[in-house]
Each structure stands twice: as C-alpha cells, then as structure tokens.
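Working notes, structure below.
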C-alpha cells in the first residue's frame, strides 16, 4: 500500500511544480524526440538531466521508472524472438546491443512522461492546452480536450494495472509471463469501459450545454 502508482501526481512546491504546464508539455515532447536521436552521448545526457530534475521535484529517480518493467520486458522479448533461428536452431546475438539501447531510449521517454505527471495535474494540462487553442483560434476543434483526455488515460491505465496486479498477488500469483497474459486483456477491457463511460459523460454534458444555449 505504500507503493506509489506510476504517473500519479505528487503534491509539492518545488520549482518544477510552479513552472507553466505548457512549458512542461513542450519539455516532454522535446525529451521524447531527443531520446531517439542516434547518439549515445545525447541519450546519456538526457538520462542525467532527468535524474537531476527528479531530485529537484522531490520524487527521486526510482519513481520515474516505476511501472515500466512490463513494457521493457516486452521490448526485450521481441528482440530475442527476432534473434532466434529455427533452421538450424540457433540464436543470433548481434541485435542484443541494439535492443538494450532501444530499451534505454524507451526508458528515458517513459521517465520524462512520468516526471510530467508527477509535477503537473490534469487540470493544469487542460488549461495550458485551452490557452494554446485560444491563441491559435482553434477552439471549435476541441483539440485541447481530446489531447488532455488522451494524456489522462495514461495515469488511469496504471491505476487499473496496480489494482489488478494487487488482486493477482493476493491470490498468490507469480511474477511471470502468465501474469501479463492474463492481466493485460483485463486492463484493456477496463480501459475500454472507462473510455465508453467518458464518452457518454461528454455527450451528456454537450447536450446539456446545447439546451442551455437554446
């Protein structure tokens, strides 16, 4: 129960908490894109920057990667499968180095997103996107609403995953491949239900607003 849910907001008054949410969104995008720049030095520098910023935010680097284990495991498994040769049976290790570097890039992008949600509330993200919409005169497209909803589903995913994972462990489930095989479909099902409920709520809200205007 003491564990922190990935991508959850941590209340605080650090300098990073007080930065405008729009600036933090741009930072997330820049870090995510730069993480896949073909240069190990750049990747190492980004990792170091995120570690320093995690201490500034008062959360520590350990929290940034919380929840990334299954994702990185799937990436490694895909590369291992690609290295298998069945005729004759053999294994090519030439792609393993690339696999680990790619996992490091994924980890940096994941950490940047985790840092964003740790120091920024959903309301702050929504307001920043609304201001951008107003500046660009794109209010009718509701892009800010769609993007904020999309970003809001990331913390929701991890909350559902943590609940299912806790239930799995309470039934003496083991941390193996069978856990992913059984829990991932349940997570997808609950996320689809959550998306449907959100869509219904938005339609009801839009209908009420339309009647009010009439």
For this session: Can you give me the number of residues within segment 1-22 that are surrounded by 11 or more Cβ atoms within 10 Å (Cβ to Cβ) and closer than 22 Å to residue 129 by Cβ?
Result: 10
Problem set entry | Number of the condition not met by residue 37 [criteria: (1) at pLDDT below 85; (2) over 17 Å from the mean Cα position of the chain (by Cα)] | (1)
For this session: Of the conditions (1) surrounded by fewer than 17 Cβ atoms within 10 Å (Cβ to Cβ); (2) within 30 Å of residue 182 (Cβ to Cβ); (3) modelled with pLDDT of 80 or more, residue 105 clears all except one; give me its number.
Result: (1)
Seminar exercise, completed: In the set 28, 71, the lone residue that is assigned by TED's automatic domain parsing to the domain that holds residue 13, without any contact (Cβ under 8 Å) to a residue 60 or more places away in the chain, touching a helix residue (DSSP H, G or I) at 6+ places or on another chain (Cβ under 7 Å) and part of a helix (DSSP H, G or I) is 71
Problem set entry | Filter result for residue 196 (modelled with pLDDT of 75 or more and either more than 20 Å from the chain's Cα centre (by Cα) or surrounded by 11 or more Cβ atoms within 10 Å (Cβ to Cβ) (or both)) | yes
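Quick grid of which residues meet (1) touching a helix residue (DSSP H, G or I) at 6+ places or on another chain (Cβ under 8 Å); (2) at pLDDT 70 or above; (3) over 12 Å from residue 191 (Cβ atoms):
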residue	(1), (2), (3)
126	yes, yes, yes
129	yes, yes, yes
134	no, yes, yes
139	yes, no, yes
144	yes, no, yes
148	yes, no, yes
157	yes, yes, no
161	yes, yes, no
164	yes, yes, no
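The values are calculated or read from the model by the stated rules, or taken from the named source; none is laboratory data. Every value quoted in this text rests on a predicted model; they were computed, and no experiment measured them. Positions of Cβ are backbone-derived with ideal geometry, glycine not excepted, and every protein chain shown enters the neighbour counts.
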